[in-house]
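Enquirer: Got a structure for you, questions after.
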Amino acid sequence: MSEVATTLKYRVLLIEDDAPIRRLLRVALEDTEFQLLEADSGTLGLRLAVTKRPDLLLLDLGLPDLDGVAIISQIREWSKMPIVVLSARGLEKVKVYCLENGADDYITKPFGVAELIARLRATLRRSPSTTETMDEPVFESGGLKVDMSARRVEVEGQEVHLTPLEYKLLCTLVHHAGKVVTHRQLLQDVWGPEYTEESQYLRVYMGYLRKKLQTGDRELFLTEARVGYRLAV
């Protein structure tokens, strides 16, 4: 066994339902600095992403249970781990969409193993260390619990259903918990750069969150006058 193989450094989570491709990559990465974790479905892959905390995600888009693009979006709600897409979908618009929505690189099938390994190494070189990129997928403050890996919000142990915009706004505040997030940043992150002056949207949706997520007498969402909002911790 090579010296590299005895000092494994990087855990790569492969979410791929094609068994021959999993077998190919298992053999190809055996004597490299990569340790392969495998999932044959999106559901299992998301669970391993939370429990195993891989250094990099290698993701097929055409999974039997979940769409790969949805997996990218879901992981980006709580983690900045590098994501490399491995897909037979070669259309430029698909590649652009994935890259603009959180993927770090895109490799089209069929692929060369040497190029794939080089891409993995390059992606990791460009990325911060794992300790800097991993957020906790579960946030708790007072009676509020937000499980971003399961997209579940609870108040005092009871599940609360939020609309997609409400949930996105909440997650943005969770990522910056304890810090003031400006009106402009919230509008840009949740609605998009063309909405940075539409402060009335923010006031309305913050009202929705306060109403749905009230926990006793404690105020979770603090207003910083003329500046922004802060999620109390």
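The values are calculated or read from the model by the stated rules, or taken from the named source; none is laboratory data. Here the structure is a predicted model, which is why all the values come from computation and not from measurement. Ideal geometry is used to build each Cβ from the backbone, glycine not excepted, and the neighbour counts take in all protein chains shown.
Enquirer: Taking helices (runs of 4 or more DSSP H) that fall entirely within the range 68-155, which contain at least 3 residues that are at pLDDT 85 or above?
Expert: Here the list reads 68-76, 92-100, 113-126.
Enquirer: Here is a further query. Within the set of pairs 6 or more residues apart or between chains, which connect a residue that is closer than 19 Å to S79 by Cα inside the range 176-195 to a residue that is assigned to a helix (DSSP H, G or I) and hydrophobic (A, V, I, L, M, F, W, C) with Cβ atoms less than 6 Å apart?
Expert: Partner pairs satisfying both residue conditions: L186/L202; V190/L169.
Enquirer: Which of the numbered conditions does A177 fail, given that it passes all the others? Conditions: (1) part of a helix (DSSP H, G or I); (2) within 23 Å of the chain's Cα centre (by Cα).
Expert: Result: A177 passes all but (1).
Enquirer: Note down all Cβ pairs under 8 Å where the first residue falls in the range 104-125 and is closer than 14 Å to Y10 by Cβ, the second is at pLDDT 90 or above and among the acidic types (D, E), and they're at least six residues apart or on different chains.
Expert: From the range 104-125, the pairs are R119/D105; A122/D105; T123/D104; T123/D105; L124/D55.
Enquirer: Only one of (1) acidic (D, E); (2) within 22 Å of F111 (Cβ to Cβ); (3) surrounded by fewer than 18 Cβ atoms within 10 Å (Cβ to Cβ) fails for D55. Which number is that?
Expert: With (1) acidic (D, E); (2) within 22 Å of F111 (Cβ to Cβ); (3) surrounded by fewer than 18 Cβ atoms within 10 Å (Cβ to Cβ) applied to D55, the lone miss is (3).
Enquirer: On the basis of being surrounded by fewer than 16 Cβ atoms within 10 Å (Cβ to Cβ), under 21 Å from the mean Cα position of the chain (by Cα) and either more than 15 Å from K145 (Cα to Cα) or free of Cβ contacts under 8 Å to residues at least 12 places away in the same chain (or both), does L222 make the cut?
Expert: The answer is no for L222.
Enquirer: Let me ask something additional. Could you tell me which residue of the range 58-108 is surrounded by the most Cβ atoms within 10 Å (Cβ to Cβ), considering only residues that are among the aromatic types (F, W, Y) and farther than 22 Å from D147 by Cα?
Expert: Y106
Enquirer: Say whether the condition of being touching a residue at least 40 places away in the same chain (Cβ under 8 Å), within 19 Å of I71 (Cα to Cα) and touching a strand residue (DSSP E or B) at 6+ places or on another chain (Cβ under 6 Å) is met by at least one residue in the range 201-213.
Expert: Scanning the range 201-213, I find no residue that is touching a residue at least 40 places away in the same chain (Cβ under 8 Å), within 19 Å of I71 (Cα to Cα) and touching a strand residue (DSSP E or B) at 6+ places or on another chain (Cβ under 6 Å), so the answer is no.
Enquirer: Could you tell me which of the residues R152, R89, R126 is over 30 Å from D31 (Cβ atoms), assigned by TED's automatic domain parsing to the domain that holds E16 and of a type outside the set (A, V, I, L, M, F, W, C)?
Expert: R89 is the lone residue from the list that is over 30 Å from D31 (Cβ atoms), assigned by TED's automatic domain parsing to the domain that holds E16 and of a type outside the set (A, V, I, L, M, F, W, C).
Enquirer: Oh, and also: Going by the structure shown, is K9 surrounded by fewer than 16 Cβ atoms within 10 Å (Cβ to Cβ), farther than 29 Å from L165 by Cβ and either in the same structural domain as Y167 (by TED's automatic domain parsing) or charged (D, E, K, R) (or both)?
Expert: yes
Enquirer: Output yes when any residue across the range 2-24 is over 15 Å from the mean Cα position of the chain (by Cα), closer than 20 Å to S127 by Cβ, part of a loop (DSSP other than H, G, I, E, B) and at pLDDT 90 or above, and no when none is.
Expert: There is no residue in the range 2-24 that is over 15 Å from the mean Cα position of the chain (by Cα), closer than 20 Å to S127 by Cβ, part of a loop (DSSP other than H, G, I, E, B) and at pLDDT 90 or above.
Enquirer: Could you please find all residues in the range 209-218 being part of a loop (DSSP other than H, G, I, E, B) and at pLDDT below 85?
Expert: Q214, G216, D217
Enquirer: Need pairs with beta-carbon distance below 7 Å; first residue without any contact (Cβ under 8 Å) to a residue 40 or more places away in the chain and within the range 60-79, second of a type in the set (K, R); sequence gap 6+ or separate chains.
Expert: Final answer for the pair search is L61/R89.
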